[in-house]
Amino acid sequence: MKITLKRTDEQVELIKAMGSRNRETAYAAQIALAEFIGPVLAEVINNAPTISNLFTPLQYNADDNPSIPLDLYYDVFDEDYIRVYSQSVAGGLPTNYVQPTASELKFATYNLDSAVSFDRKYASRSRLDVIGKTFTRVAQEVLLKQERTSANLLMTALANATSGNASFTAKNRNVFRTQNANRFIMDDLNKLFTKMKRVNASWSGGTPAGARKALTDLLVSPEVVEQIRAMAYNPMNTAAPTGTMDKDSTGIPATDAVRNAVFSQSGLTEFFGVAITEVLELGVGKRFNDVFDTVAGNTDYLDNGSTSASSVFNGATEEIIVGLDRSRDAMVRAIAVDSETGSEFNLVADDQFSARQQRIGYYGALEEGRMVLDNRALVGLIM
């Protein structure tokens, strides 16, 4: 992500005016730049390929008392009560609220802000590169806060997601382990598709009316992407020709079409019709993996290749793979819109610096609230 100011005559004069010795002229130029660059920062933040932007945006007026009518997101005949996960403060522990479907959900919002400053001499010398880097840092800091807030909420909702009426508790969870420890194969992805279908059964446990829900996105670590690339040359069978698992049996490769498709995708943005998002914070010992380990606690999940044995998640040796169904508005990001500027991100000139300090500062913030309205849109694999 990079914000670059074009070196036009108008922008050069505006930057020079910010370094003027006339305080009123300099401050007016700072305000003009803030009004210009604020909507640009909002656009950059909203289009960054991050976990935070997996949430569906829901705009509301900044002075409003926002709420969501849950019956518009659920079939009113589906269930009597639902689980809604949300946070009252940025980065706080997500809370599970049990809500009736025919109710207004009042949600808490919070501010994500950033403040930066630079030496006035850079404005006097028309250093547009320094100004651009400064605003890039503003967007980066807000994105970082959004990313961690979103990961906390997403992992908490996933770790506790359950459905179905199986007699064995672990079989009801939306998270289960791969067929083989520390290995991701096509059979695991195939089972995720089936799990997503079962999770989205109707209130009576039967076939839902309307469109069938499906897996659309996978959030994975670089190590999982490595194993997907290896499908171009590694055996793909999960059972020996006799019908039993045998590591010494002759491996059966994937079809040529599948292997060629994987081989030709150097970036690997899609596999089996599912969008692949590579997240560096996922993986053994990484930040988001540790978050899932913490919020999962003593929750047990099915063991590798088992339908009867289960154990708790071990973040020191295992990693989580997150599957999403983005065809339904299950994850919502409510964002306040300023009534004066119409922008989601408010950038203002910081007036805390005196003339003696010879610095120019900016302060930016946005107000948002995030919720997971339906954890049936989340599934996971432990590898």
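Residues to consider are Val322, Val348, Val332; find the one that is of a type outside the set (Asp, Glu) and closer than 17 Å to Pro94 by Cα.
Numbers: Val322 fails: closer than 17 Å to Pro94 by Cα; Val348 fails: closer than 17 Å to Pro94 by Cα.
Just a single option satisfies the conditions, and that option is Val332.
Every residue in segment 97-117 that is modelled with pLDDT under 70 and not in a loop (DSSP other than H, G, I, E, B), please.
Applying the first criterion (modelled with pLDDT under 70) to segment 97-117 yields 97-103.
Residues satisfying the conditions are Tyr97, Val98, Gln99, Pro100.
For segment 170-189, which positions are under 18 Å from Leu378 (Cβ atoms), assigned to a helix (DSSP H, G or I) and touching a residue at least 12 places away in the same chain (Cβ under 8 Å)?
Across segment 170-189, the qualifying residues are Ala170, Lys171, Asp188, Leu189.
Quick test of your reading of the structure: Gly132 fulfils all but one of (1) farther than 22 Å from Val225 by Cα; (2) of a type outside the set (Lys, Arg); (3) at pLDDT below 85. Name the failing condition by number.
Exception for Gly132: condition (3).
Pull up segment 194-211, narrow it to residues that are modelled with pLDDT of 65 or more and exposed (fewer than 13 other Cβ atoms within 10 Å of the Cβ), then point me to the one that is nearest to Ala151 (Cα to Cα).
Thr194
Please tell me if Ser327 is surrounded by fewer than 17 Cβ atoms within 10 Å (Cβ to Cβ) and over 25 Å from Ile51 (Cβ atoms). So that I can check it myself, show each step before the final result.
On the way: surrounded by fewer than 17 Cβ atoms within 10 Å (Cβ to Cβ): yes; over 25 Å from Ile51 (Cβ atoms): no.
No, not satisfied.
Any idea which residue in segment 43-66 is nearest to the chain's Cα centre (by Cα), counting only those that are assigned to a strand (DSSP E or B) and closer than 30 Å to Leu280 by Cα?
Initially, segment 43-66 is screened for residues assigned to a strand (DSSP E or B), giving 56-61.
When the remaining residues are screened for being closer than 30 Å to Leu280 by Cα, the result is 56-59.
Working: Thr56: 10, Pro57: 12, Leu58: 15, Gln59: 18 Å.
By that ranking, first place goes to Thr56.
If Arg7 passes every condition in (1) of a type in the set (D, E, K, R); (2) outside any loop (DSSP other than H, G, I, E, B); (3) over 23 Å from Phe353 (Cα atoms); (4) in contact (Cβ under 8 Å) with a residue 60 or more places away in the chain but one, which one does it miss?
In the conditions (1) of a type in the set (D, E, K, R); (2) outside any loop (DSSP other than H, G, I, E, B); (3) over 23 Å from Phe353 (Cα atoms); (4) in contact (Cβ under 8 Å) with a residue 60 or more places away in the chain, Arg7 misses (2) alone.
Any idea which of Arg83, Arg120 is at pLDDT 75 or above and either of a type in the set (A, V, I, L, M, F, W, C) or buried (at least 17 other Cβ atoms within 10 Å of the Cβ) (or both)? Explain how you work it out, then say what you get.
Values: Arg83 fails: at pLDDT 75 or above.
Residue meeting the stated conditions: Arg120.
Can you run down the residue pairs with Cβ atoms below 7 Å, 6 or more apart or on separate chains, where the first is in segment 309-326 and free of Cβ contacts under 8 Å to residues at least 40 places away in the same chain and the partner is polar (S, T, N, Q)?
These pairs meet every condition: Val312/Asn298; Val312/Thr299; Gly315/Asn289.
Restrict the check to segment 144-151 and report whether at least one residue is at pLDDT below 85 and either of a type in the set (A, V, I, L, M, F, W, C) or farther than 19 Å from Gly361 by Cβ (or both). Working first, answer last.
So in segment 144-151, the residues at pLDDT below 85 come out as none.
No, segment 144-151 contains no residue that is at pLDDT below 85 and either of a type in the set (A, V, I, L, M, F, W, C) or farther than 19 Å from Gly361 by Cβ (or both).
Being among the small types (Gly, Ala, Ser), over 28 Å from Ala151 (Cα atoms) and either modelled with pLDDT under 80 or not in a loop (DSSP other than H, G, I, E, B) (or both) narrows it down to one of Ala214, Ala261, so name that one.
Working: Ala214 fails: over 28 Å from Ala151 (Cα atoms).
The unique qualifying residue is Ala261.
The values are calculated or read from the model by the stated rules, or taken from the named source; none is laboratory data. Note that the coordinates shown come from a computational prediction; the quantities given were computed from them, not determined experimentally. For neighbour counting, all protein chains shown are included, and Cβ atoms are generated from backbone atoms with ideal geometry for every residue, glycine included.
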